[in-house]
Amino acid sequence: MEISPDAWILYEWRGWQLNATVVFTWGVMAILVLGSWAVTARLSEGETVSRWQVMLEVIVGRIRDQIDDMGSGDPERYLPFIGTLFLFIASANILTIVPCYQPPTGSLSTTAALAICVLIAVPVFSIGQRGLAGYLKTYVRPTPLMLPFNIVSEASRTLALAIRLYGNVMSGTVIVGILISIAPFFFPILLQLLGLLTGLIQAYIFAILAMVYIASASRDRASEQDNQTQAPNNQGD
Amino acid sequence: MDPDTWIAIISIVTAGLTIAIGSIGPAIAEGRAASQALQSLAQQPDASDTITRTLFVSLAMIESTAIYCFVVSMILIFANPFTTLVAQTGGG
C-alpha cells in the first residue's frame, strides 16, 4: 500500500519523474488561480453582483475577521499569506471527493514546504514590524536563559506543523484504504466524510497556528505602543 | 530465525503498542477538553463563538500527539528503514 502520493509516478521523461504530488499541487494551484482570476476580472460595485463575487467576498471577509480576532494589528498585512495557506490546504483536502485524486497534503514534502514557509514568514513579518534588533530580542525573552529553548521551540513547532497536517491527511487516506479491504462500500464513505471535516479543520488549524506564531513574534511592539501612546496599535504599520 | 523476521515481529508489536499506549493520553485529554467546553457553553452561550474556535484549535493540538504515534506506527509497518538496511548488508 502506498502511504504517500510521492511514490505514484504519472509521467517520466529522460529521468525526470513527475509524481502525483507535484501534478495535483499544480492542479490545485491552477484551480485557485484561474478561479479567482475569472471572478476578479468581472468585479462589479453595482446593485447586481455575481454569485461568485459574493462567494469570494464572504471567504476573504471571514479570513480577515479571523485574523483580526487574533489581535495583532492590521489584518491586511497578513491576509495574503495566511489566506493563501488556508485556501490551498482547504481546497487540496476538499478535492478528495473527486475520484482518482490524492491530496498533495498527504505527502510529507508538501507539508514540510508549507511549514518552512511559515518558518521563514515569522522573521520576515517580525523584522518588518519591529526591526532586526526587535526580532532578535524575542529570542532572549523573558530571560537570556531561555535562548536555547526558544531556538528549539522554533524548530520543533515547524516539525509539528508539518507532521500534524501530513499525519491527519495521510491517516484519512490509509484508513479508507484499510477499510475498503475489510468492510467495503459503506464504512469507507463515512470515514471519507470524516476526512473532509478533518481536512477543513486542519486547514483552519494550520492557518491559525501560523498566525499565532507570527503574532507572538511581532506583537510586543504593538502592546508597547499601546502603553506609551494609548493609541490604536495600527499606527506603526 | 533470520534477522528479517525478527525485525518484522518487533516492528509489528511495537507499532501496535505505539498506537495503543499513545492514544490513551490524547483520548482522555480530548474528553476532558470537550466536557469542559460543553460546560462553558451551557454556562455562557453568548461566548459560543470563541469557545468553539478555541475548542477546535486545542482539540487539533491534543490530537496531534496521537497523530505522531500513528505516523510512527505507519512508518514501522509500511516504510521501515531497517528492513532495507538488512537487505543491503546481507542479513547480518
task = Determine if region A:25-38 includes at least one residue that is out of contact with any strand residue (DSSP E or B) (no Cβ under 8 Å at 6 or more places or on another chain), farther than 27 Å from A:THR111 by Cα, at pLDDT 80 or above and part of a helix (DSSP H, G or I).
result = yes
key: Unmet criterion (only one of (1) within 14 Å of chain A (Cβ to nearest Cβ); (2) at pLDDT 90 or above; (3) more than 25 Å from the chain's Cα centre (by Cα)) for B:SER23   = (3)
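In region A:163-176, which residues are without any contact (Cβ under 8 Å) to a residue 24 or more places away in the chain and under 23 Å from A:ILE208 (Cβ atoms)?
Answer for region A:163-176, where residues must be without any contact (Cβ under 8 Å) to a residue 24 or more places away in the chain and under 23 Å from A:ILE208 (Cβ atoms): A:GLY167, A:SER171.
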task = Have a look at A:LEU161, A:LEU145, A:LEU165 and point out the one that is surrounded by fewer than 19 Cβ atoms within 10 Å (Cβ to Cβ), at pLDDT 85 or above and either among the hydrophobic types (A, V, I, L, M, F, W, C) or in a helix (DSSP H, G or I) (or both).
result = A:LEU145
message = Here is a check on your reading of the model: is B:ILE21 buried (at least 16 other Cβ atoms within 10 Å of the Cβ) and not polar (S, T, N, Q)?
response = no
ask   = Can you tell me which residues in region A:182-197 are within 14 Å of chain B (Cβ to nearest Cβ) and either farther than 16 Å from A:ILE94 by Cα or touching a residue at least 40 places away in the same chain (Cβ under 8 Å) (or both)?
value = A:GLY195
remark   = Flagged pairs (Cβ under 6 angstrom, 6 or more apart or on separate chains; first in region A:144-162, within 11 Å of another protein chain (Cβ to nearest Cβ); second part of a helix (DSSP H, G or I)) are A:LEU161/A:ALA115; A:ALA162/A:THR111; A:ALA162/A:ALA112; A:ALA162/A:ALA115
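Restricting to region B:52-92, name every residue that is among the aromatic types (Phe, Trp, Tyr) and under 13 Å from B:GLU30 (Cα atoms).
Going residue by residue through region B:52-92, those that are among the aromatic types (Phe, Trp, Tyr) are B:56, B:68, B:70, B:78, B:82.
Selection gives B:PHE56 alone.
If I ask for residues that are under 16 Å from the mean Cα position of the chain (by Cα) and either surrounded by 15 or more Cβ atoms within 10 Å (Cβ to Cβ) or part of a loop (DSSP other than H, G, I, E, B) (or both), which ones from region A:52-69 would you list? Spell out the reasoning first.
So in region A:52-69, the residues under 16 Å from the mean Cα position of the chain (by Cα) come out as A:59-60, A:62-64, A:66-67.
Correct list: A:ILE59, A:ILE63, A:ARG64, A:GLN66, A:ILE67.
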query = From the residues in region A:124-143 that are polar (S, T, N, Q) and touching a residue at least 40 places away in the same chain (Cβ under 8 Å), which one is nearest to A:ALA215 (Cα to Cα)?
reply = A:SER126
note = Every listed condition ((1) more than 19 Å from B:MET74 (Cβ to Cβ); (2) within 14 Å of chain B (Cβ to nearest Cβ)) holds for A:ALA121 save (2)
inquiry  = Cβ-Cβ distance below 6 Å, separation of 6 or more or different chains: which pairs start in region B:62-80 with a residue that is more than 9 Å from chain A (Cβ to nearest Cβ) and without any contact (Cβ under 8 Å) to a residue 24 or more places away in the chain and end on one that is surrounded by fewer than 20 Cβ atoms within 10 Å (Cβ to Cβ) and assigned to a loop (DSSP other than H, G, I, E, B)?
reply    = none
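Only one residue in B:ALA42, B:ALA47 is over 28 Å from A:ALA160 (Cα atoms), surrounded by fewer than 13 Cβ atoms within 10 Å (Cβ to Cβ), without any contact (Cβ under 8 Å) to a residue 12 or more places away in the chain and within 14 Å of chain A (Cβ to nearest Cβ). Which one? Spell out how you get there, then give the answer.
On the way: B:ALA42 fails: within 14 Å of chain A (Cβ to nearest Cβ).
Result: B:ALA47 is the single residue among B:ALA42, B:ALA47 that is over 28 Å from A:ALA160 (Cα atoms), surrounded by fewer than 13 Cβ atoms within 10 Å (Cβ to Cβ), without any contact (Cβ under 8 Å) to a residue 12 or more places away in the chain and within 14 Å of chain A (Cβ to nearest Cβ).
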query = touching a Pro at 6+ places or on another chain (Cβ under 9 Å), more than 20 Å from A:GLY27 (Cβ to Cβ) and touching a residue at least 12 places away in the same chain (Cβ under 8 Å) - does that describe any residue in region A:86-98?
reply = no
message = Can you report the number of residues in region A:4-24 which are outside any helix (DSSP H, G or I) and without any contact (Cβ under 8 Å) to a residue 60 or more places away in the chain?
response = 11
remark   = Counting only residues in region A:110-131 that are more than 19 Å from A:SER156 (Cβ to Cβ) and not aliphatic (A, V, I, L, M), the one surrounded by the most Cβ atoms within 10 Å (Cβ to Cβ) is identified as A:THR110
Region B:40-92: number of residues that are in contact with a Ser or Thr (Cβ under 6 Å, 6 or more places away or on another chain), modelled with pLDDT under 85 and farther than 22 Å from B:ALA20 by Cβ = 0
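The values are calculated or read from the model by the stated rules, or taken from the named source; none is laboratory data. Keep in mind that what you see is a predicted model, and the values were worked out from it rather than measured. Here Cβ is always computed from backbone atoms with ideal geometry, including for glycine, and neighbour counts include all displayed protein chains.
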